[in-house]
Amino acid sequence: AACSSQRVVPESLELLVDRTVTFQEILSAPESYQGKVVVLGGVVLKAKRLKGGTQIELLQLPLDKRERPMLDRQQSQGRFLAIRQDFLDPATLVEGSAMTIVGDVFGAKTDYLDDVEYRYPVVIIKHLHPWLAPSYTDTQPRPRFSIGIGGGTGVGLGGGGGFAIG
């Protein structure tokens, strides 16, 4: 499980990352940023095996200060493809799971999104950080309140009742 003390961007890649490049810039002109190392986040839409690796289609989402994708899909600026150049079984990439990717901007690939051509920015994965559900959700304890009311009757002269707050 990904824990909060674990680095999302490995130390070996940190100095290579260009944090001034935004996803919007990459989306509008991917060829202009070819070779730049960027950090992007999103949720998996689908994944498929390629001859030379695995392609992951992600819905881009802005990253928070801990480099986790914010799960408000309405904040997305588009989709992108992340290519892993070795085998990664697409069955292990659960649709809707969040991940942060460190990678090289490679350019763009035009493919169909439903019946329309869509130009996807392409990033070659250097590091992939999946956010597992238990560590990604807010696990802070929350107060819970319940009220119970009880009552009863007995045969003969007995009877009873009760009230509790817990």
(request) Only residues that are touching a helix residue (DSSP H, G or I) at 6+ places or on another chain (Cβ under 9 Å) and assigned to a loop (DSSP other than H, G, I, E, B): list them for segment 48-75, please. (result) L61, P62, R68, L71
(request) Pairs only if they're at least six apart or on different chains, beta carbon under 7 angstrom, first in segment 97-109 and on the phi > 0 side of the Ramachandran plot, second open to solvent by 10 Å² or more (accessible area, probe 1.4 Å) and not aliphatic (A, V, I, L, M); list them, first residue then second. (result) G107/E31; G107/Q34
(request) Examine segment 120-131 for a residue that is charged (D, E, K, R), modelled with pLDDT of 60 or more and over 16 Å from the mean Cα position of the chain (by Cα), and state whether such a residue exists. (result) yes
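Of K65, K36, which residue is open to solvent by 40 Å² or more (accessible area, probe 1.4 Å), farther than 16 Å from W131 by Cβ and either out of contact with any His (no Cβ under 7 Å at 6 or more places or on another chain) or at pLDDT below 95 (or both)?
Step by step, each of K65, K36 is checked, and only K36 is open to solvent by 40 Å² or more (accessible area, probe 1.4 Å), farther than 16 Å from W131 by Cβ and either out of contact with any His (no Cβ under 7 Å at 6 or more places or on another chain) or at pLDDT below 95 (or both).
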(message) Take I56 and tell me if it is open to solvent by less than 60 Å² (accessible area, probe 1.4 Å), in contact with a Ser or Thr (Cβ under 8 Å, 6 or more places away or on another chain) and at pLDDT 95 or above.
(response) no
(request) Answer yes or no as to whether L45 is open to solvent by 90 Å² or more (accessible area, probe 1.4 Å), at pLDDT 95 or above and of a type outside the set (G, A, S). (result) no
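The values are calculated or read from the model by the stated rules, or taken from the named source; none is laboratory data. As the structure is a computational prediction, the values presented were derived from the model and not from experiment. We place every Cβ from the backbone using ideal geometry, glycine too, and count neighbours over all the protein chains shown. For the accessible areas, the whole protein counts, side chains as well, though only heavy atoms, and no ligand, DNA or RNA atoms are used. Shrake-Rupley method; radii C 1.70, N 1.55, O 1.52, S 1.80 Å.
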